[in-house]
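Scroll down for the structure; my scribbles are underneath it.
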Amino acid sequence: MVYIANGQVLDGQRRSPWRLSFITDLFWGITDFIVLFFQSMIRPDISRRGGTNSLSSSRFDDGRG
């Protein structure tokens, strides 16, 4: 991934894998996974948008159309 630092375009391969943003991103990724896992166990009818799917009773409905 390309990013800009100090006005220069840098290649993402040169960044350290142990930078602080990596650690915080990993923490929030794990936290989001745990929260979504338990939400899906408690309320399996919840949609990706946060509401319940009241228009369709099909278990296999992907929500389109």
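Checked against (1) under 19 Å from the mean Cα position of the chain (by Cα); (2) exposed (fewer than 10 other Cβ atoms within 10 Å of the Cβ); (3) at pLDDT 80 or above, G7 meets all criteria but (1). Across the stretch 11-62, the qualifying residues are those that are part of a loop (DSSP other than H, G, I, E, B) and aromatic (F, W, Y), and the one among them that is modelled with the lowest pLDDT is F60.
The values are calculated or read from the model by the stated rules, or taken from the named source; none is laboratory data. Keep in mind that this is a model prediction, so the values were computed, not measured. Heads up, the Cβs are rebuilt from the backbone with ideal geometry, glycines too, and the neighbour counts pull from every protein chain shown.
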